[in-house]
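Coordinate-derived values only; no laboratory data. If you're wondering where the values come from, they're calculated on a predicted model, not measured in any experiment. Don't worry about glycine lacking a Cβ; one is built from the backbone with ideal geometry, like all the others, and counts go over all protein chains shown.
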Amino acid sequence: MHQFVNLTLIGITTGAVYAAVAMGLVLIWRATRTVNFAQGAMATFSTYVAVTLIDRNVSYWLALLAAIVTGLIIGTLTERLLMRPIANTNPLNPVIIAIGMLIVLEAVSGMIWGAKYREFPSNFSVTGIKVGTSRIALSAFDIYVMVAVLVLMVALLILFRWTSLGLKMRAAAFSPEIARLLGVRVGRMLTLGWALAVGMASVAGVLAAPNVLLYPNNMDGVNVFAFTAAILGGLDSPVGALVGGLGMGFVVSYVGGYLGSSLETIGGLIVLLIVLSFRPQGIFAASAARRV
Amino acid sequence: MNSPVSNQDEIIVPSMKRSKGRPRKSKRSAQGGNRSSGIFGVPAVRNGLLAIVVIVVGYILLGKISPYRDLQFSQVGVYVIALAGLSLLVGQSGQITLGQGAVMMVGAYTTALVNKHLNLAFPLEILLSAIVAGLFGILVGIVAARLRGPYLAGVTLSIALALPELASKFSSIFGGDAGLIVSPPNTPAFLGATYTQQRFMVSIVLVVTVLVIFGLANLYSSRQGRKLRAVRDDEVSAELNGIPLAGTQITAFMIASVCAGIAGSLQAMVAQNAGPESFTVALSISLLAAIVIGGVGTLGGAVWGGLALVFIPQFATDYSQRLNLSQGVVANLALAIYGLLLIAVILVFPGGVQGGLLRLAKYISIRFRSRGSSEIAGGLGK
Amino acid sequence: MLQIEDLTVSYGAVKALKSVSFEANEAKITAVLGANGAGKTTLLRALSGLVHATTGSAKYHGTELIGKKPEDIVYLGVAQVPEGRGVIGELTIEENLRLGGLFRRDASGTKSDINEVYEFFPPLAQRRSKPTFTLSGGERQMLAIGRAIVARPTLLLLDEPSLGLAPLITASIMSFIKGLCHQKGLTVLLVEQNARSALSIADFAVVLSVGEVVIAKDAAQVASDSDLRHHYLGF
């Protein structure tokens, strides 16, 4: 029973990180209809910037802000310099550009900060909270991560559901031409979408770093599970990202804890196959639109 | 942002405007579009002659290259086979599939297991691998038939992640992380003592590559190929015209998987090993990148992609090593150059290398003919 | 008044519009008719900035439209209803309507205009929070026109509103357009292949053939001239 409680708690905390990364993927998908396979590497780069500042005695919160700003800049540059020239070409091209970015950014991170594992200091205690006599696998830092993820999700929901900016972003992504006819500056919306998504991914990177250690490709694994999570929930839905993220967190935690860590990805695959066979566009997809 | 080109259908093919239901004229033209006549007009004959020419020329060229290159060219051939199948699948469905490396693994392990437990001639090993991989492809295709875009990418990515783990987990069957040893085909004695094992292997790869490309080229111009293209161009109208959607998608997956199985089988023979390390997610991702770079939906694209997969990393590493930098930086620099080249090729050739070459060829042919007809000028705009 | 002068649009070597000139009068419906490929859609896309005109000019209230971006042209009071019921299927009906008024400064005015659209088209009101792809063809066309109204334009560019609609629905859409023009004093440029129904509400008619203006007359004159109808309009 004790193990089950702990695995559940670990599931929630890892799931929260997956959810944070998945929300970045949801944001970019809603805003530009692309899957950003480079998101993990971008987040890692921002996280390195943050840790460099923390090493120089900058406070955690300022470093977090610096990571977000780095993310905004990376996102803006990616859209302006790489994605815009290939708009209206083969829809696979953005995916390949993102893969190229992934390779380049990981290599550059390795060149600047070296290919060694680094600790990332956390602003809250990472030791488990004491319940009665035993410590459970839930720390103050874990609670902070969960709160942060909830705040991000609510912010995303508000942005897309109630603000005109969110509406413009979605219109620009779904139908650039109609959006332009309605006075939406489509190019600006795409840039903004990229900037916000990478900014959000950078927060996810900083949130994940104390648990996974910092390494040029430390987010690769997290990113794959987060991508799976986003798909489970439905790429169009921020709530789906949270549910999918937690779901993947439980799968990884229970499968890893009871059956051995080498079966985690197989567990993920099985869950994904089961869910998608009932809901081919994820749990929270709007009913499927088929374009005629 | 919005190119005026999208409107061109209306001007060039006015009658098409209202009939949105009909499959559009293929923009990414496949292989079967040539208009030659006589016996050379029959695609199978033309492709067959071409295949024989390529084998002969390839054989002569193989005699010229240094033995060191044998391994590299075997690798190119393996990739070309896997990419040719992927080209058809991705070009057909327009969907992201990240599982081609995993299917190669199925082929490689089939060859390794057959090699270990049965005593069969190597062509039979390749054939069995193709069949097993094809069956696996049908399974994946059944799952994938309802999925689109990122959802398909996610499932295939998960498969690519999970398969190598299965191999590590069930080590008594699959040999764990070290994989299984594969004894390569014996070099026939009549080839002479100077004919090395690697040389024999590269010859096999060359012949099989040409055969696979020959088969696919015929498929592209066949009835089945037309069905595949119809589904790609417009799923709904293809279905309305009586082409079973799911069936066609599953067929595409099966064909791609048969190619991957053959490629994996050859890979195992070339490397004399089938192990999980050779078939990571990185391989699947690289294959997708390579076919987009080469030109999706074309067989030429598979050749460019195969060359790129072998020689770009090679070039990046060689170049980095010449700069006298510390070892850690060299490895990263090579990666960075590889990534930058990937990005650069897409930016320069958004239609892939093959697409870029076709455009160039069209441009030149227009230049040298009398002022090009409007049809050709229109086609260039894309 | 919209004054189009010598407007030419080319795609590569192909001229889609060849030096087109005509005027669309204030608070009147001007129908642009012609067969497929006559250049009707290209004309609208050139006016709204979606394609670049090679030469020529199009002045609305004296302001040059040619050379401006689509997103800027909206601010001049020009709204376009694109071909094929240009609504965004993935957004809800309400969101589509909100989009129409996003560039406006007055949120309350937008809101009352949206309510007005719901009054015009009750089927839309019932399903305001449903995704647009659940609507029928006629309802989508209503939504597209409704969205253009929310933008409070003075010049409305309509691209084949009858495309693929049943005759009865086409008739009701046409009479709605006519009413709109009269009530709000809208200037309407109505591109139609369905010449019969367009002529039934138009004040003035322009017939395009292979990119050139062949007729520019009062709609009534065109409708009554059977030779002309047979030759260019096929009825």
* To do: Equivalent ellipsoid semi-axes for segment C:2-233, as square roots of 5 times the alpha carbon gyration tensor eigenvalues: give them largest first, rounded to whole Å.
  => 28, 21, 16
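Report the trypsin sites (Lys or Arg not before Pro) located in segment A:1-106 that are in a DSSP loop and have at most 16 other Cβ atoms inside 10 Å of their Cβ, or state none. Write out the running numbers ahead of the final one.
Numbers: sites: A:ARG30, A:ARG33, A:ARG56, A:ARG80; in loops: A:ARG33, A:ARG56.
For trypsin sites (Lys or Arg not before Pro) across segment A:1-106 that sit outside H, G, I, E and B with at most 16 neighbouring Cβ atoms in 10 Å, the list reads A:ARG56.
Could you pull out the trypsin sites (Lys or Arg not before Pro) across segment A:107-166 that fall in loop regions by DSSP (anything but H, G, I, E, B) with no more than 12 other Cβ atoms inside 10 Å?
Here the sparse-neighbourhood loop sites are A:LYS116.
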* How large is ³J(HN,Hα), in whole Hz, for each residue of segment A:147-164 in order, when computed from phi with the Karplus curve 6.51 cos²θ - 1.76 cosθ + 1.60 and θ = phi - 60°, using x for Gly and Pro? -> 4, 4, 5, 4, 4, 4, 5, 4, 4, 5, 4, 4, 4, 7, 8, 10, 9, 6
* To do: Give the Kirkwood hydrodynamic radius (Å, one decimal) of segment B:59-109, defined as one over the mean of 1/r across all pairs of different Cα atoms.
  => 12.8
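Using a 10 Å cut-off on Cβ to Cβ distances, tally the other chain neighbours for every residue of B:334-340 and report the average as a whole number. It would help to have the intermediate numbers written out before the result.
Working: counts 1, 8, 8, 3, 4, 13, 5.
The per-residue average across the peptide is 6.
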* segment C:120-235, relative contact order in percent, only Cα pairs under 8 angstrom and at least six apart counted -> 18
* Structure fact -> Taking max minus min of the Cα coordinates of the protein assembly as shown on each principal axis, largest first, gives extents in Å of 92, 86, 51
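With a cut-off of 8 Å between alpha carbons and a minimum separation of six or more residues, what is the relative contact order of chain C in percent? Don't skip to the answer; put the middle values down first.
On the way: 464 pairs, mean separation 68.5, N = 235.
29 percent.
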* To do: Restricting things to alpha carbons, tell me how big segment A:191-292 is in terms of Rg and Dmax, in Å.
  => 15.0, 48
* **Long-range HN-HN contacts of A:GLY234 with modeled amide H, under 5 Å** => A:ILE283, A:PHE284
* Structure fact -> Working note, segment C:136-211: Cα radius of gyration (Å, one decimal) and Dmax (Å, whole number) are 12.1, 35
* Asked: From the backbone phi of segment A:256-273, what are the Karplus-calculated ³J(HN,Hα) couplings (6.51 cos²θ - 1.76 cosθ + 1.60, θ = phi - 60°) in whole Hz, Gly and Pro given as x?
  -> x, x, 9, 10, x, 5, 6, 9, 4, 5, 5, x, x, 4, 5, 4, 4, 5
* For segment C:1-82, state the average projected area of the convex hull of the C-alpha atoms over all orientations, rounded to one decimal in nm². => 5.2
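Can you give the convex hull volume of the alpha carbon atoms of segment C:88-159 per residue, in Å³?
Numbers: hull volume 6.2 nm³, N = 72.
Output value, Cα hull per residue: 85 Å³.
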* Asked: So if we plug the beta-carbon distance of A:ARG279 and A:ILE143 into 1/(1 + (r/R0)^6) with R0 = 30 Å, what FRET efficiency do we get, rounded to 0.05?
  -> 0.45
* Order these peptides, C:181-188, B:352-359, by their mean beta-carbon neighbour count within 10 angstrom, highest first. => B:352-359, C:181-188
* Structure fact -> Taking placed amide H atoms and a strict 5 Å upper bound, the residues 5 or more places from A:LEU138 or on another chain that come that close are A:ILE129
* Structure fact -> Output field shielding_mean for C:10-23 (other chain Cβ, 10 Å radius) holds 4
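Step by step: find N for segment A:12-88, compute 2.2 N^0.38 Å, then divide the Cα radius of gyration by it. What's the final number? Working shown, then result.
Working: Rg = 14.2 Å, N = 77, 2.2 N^0.38 = 11.5 Å.
Its radius of gyration relative to the 2.2 N^0.38 Å reference: 1.23.
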* **Per-residue Cβ neighbour rank within 10 angstrom, fewest leading, A:ARG84, C:ARG152** => A:ARG84, C:ARG152
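Viscosity 0.692 mPa s, temperature 37 °C: what is the translational diffusion coefficient of segment A:23-219 from Stokes-Einstein with a Kirkwood Rh over Cα pairs, rounded to a whole number of µm²/s? Don't skip to the answer; put the middle values down first.
Values: Rh = 17.8 Å.
After rounding, the answer is 185 µm²/s.
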* To do: Could you go through segment A:8-20 in sequence order and give the Karplus-derived ³J(HN,Hα) for each residue, using 6.51 cos²θ - 1.76 cosθ + 1.60 with θ = phi - 60°, rounded to whole Hz, and x for Gly and Pro?
  => 5, 5, 4, x, 5, 6, 5, x, 4, 5, 4, 4, 4
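Give the average, rounded to an integer, of partner chain Cβ atoms located within 10 angstrom of each Cβ in A:182-190. Each step should come with its number before you reach the end.
On the way: counts 18, 15, 6, 4, 4, 2, 1, 0, 1.
Average neighbour count from other chains, rounded to a whole number: 6.
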* Asked: For C:ALA16, which sequence-distant residues (separation of 5 or more, or a different chain) have an amide H within less than 5 Å of its own amide H, given hydrogens modelled in the peptide plane?
  -> C:VAL9, C:SER10, C:TYR11
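First select every other residue whose beta carbon is under 14 angstrom from the beta carbon of A:GLY205; then total the charges, Lys and Arg +1, Asp and Glu -1.
Details: positive: A:ARG118; negative: A:GLU106, A:ASP220.
Spelling it out: positives minus negatives among the neighbours equals -1.
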* Asked: Using the alpha carbon gyration tensor of segment A:73-124, what are the three equivalent-ellipsoid semi-axes (square root of 5 times each eigenvalue), largest first, in whole Å?
  -> 30, 13, 10
